[in-house]
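For reference, the structure is listed below as structure tokens.
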Amino acid sequence: MIHNLTGDLLLSNAALIAHGVAPHDDFKSGLALALREACPAMYKDFRHFCKLQNPKSGALWQWQGVNQAGRHVRIAALFTQEKPSHEGGHPGKAHTEYVNHALHELKKLVTDEKIQSLALPRLATGKGGLDWLHVEPLVRTQLGILSIPVFVYTTYAKGVAAKEPLQSKAAQ
């Protein structure tokens, strides 16, 4: 079930946090920057992965480890945007096709690995440049069928832990 929440995604208790980026993204702003600061090892591993694999838009990459606060985290980077035109350049814009493909990959990951809960922001609407009115139906179509809580952080509130509904017994 999808729950729209207000709060700070980085304070989520979800088993997996997903966010949208571009292949070869430098994580210089927004949620990506906050994740880079909270999980420097994740950013280093992401850059290494991109150099070795040259990922395509519409795919995803996942990481798990420990953040700066010593808390175990699992993060999925959804490649919703075009890669930068050159090294160190700004990522390109997001496209609904990339978002839809990445969400499909995310749904597969959640199902295959039996992930118990998922949190994500309004994908591709910041630096990606898409309108939430076009993205939300994709999120609902791809993730609404999951039998786990899906927390969509529709409004950002720095430092505020959202009241995430408890998982159902069926999802535990």
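Just so you know, all these numbers are worked out from the coordinates, no wet-lab data involved. All values reported here derive from a predicted model rather than from experimental measurement. With ideal geometry, Cβ positions are generated from the backbone for all residues, glycine too; neighbour counts draw on all protein chains shown.
The modelled label-to-label distance for the pair Glu37/Lys93, using points 7 Å beyond Cα in the direction of Cβ, is 2.9 nm.
Entry note, the chain: relative contact order of 35 percent, from Cα contacts under 8 Å with a spacing of 6+ residues. Averaging Cα coordinates gives a centre for region 66-101 and one for region 117-142; these two points are 13 Å apart. Applying a threshold of 20 Å to the alpha-carbon distances of Lys107/Lys127; Lys28/Lys158; Lys28/Lys83; Lys28/Lys108 flags Lys107/Lys127; Lys28/Lys108 as lying beyond it.
The simple Förster model, with R0 at 25 Å and r as the Cβ-Cβ distance, assigns Ala59 and Leu11 a FRET efficiency of 0.35. Based on Cα atoms of region 1-53, Rg over Rh with Rh as the Kirkwood radius reads 1.01. Computing Cα extents along the principal axes in Å directly from the structure and comparing it against (1) 47, 36, 31; (2) 87, 37, 23; (3) 63, 42, 28 singles out (1). In this calculation the C-beta distance from Lys114 to Ala157 is compared with R0 = 45 Å, giving a FRET efficiency of 0.90.
Computed over region 22-96, relative contact order equals 35 percent, with contacts defined as Cα pairs under 8 Å that lie 6+ residues apart. Within the chain, the longest run free of trypsin sites (Lys or Arg not before Pro) that sit in a DSSP loop with at most 15 other Cβ atoms within 10 Å is 115-157.
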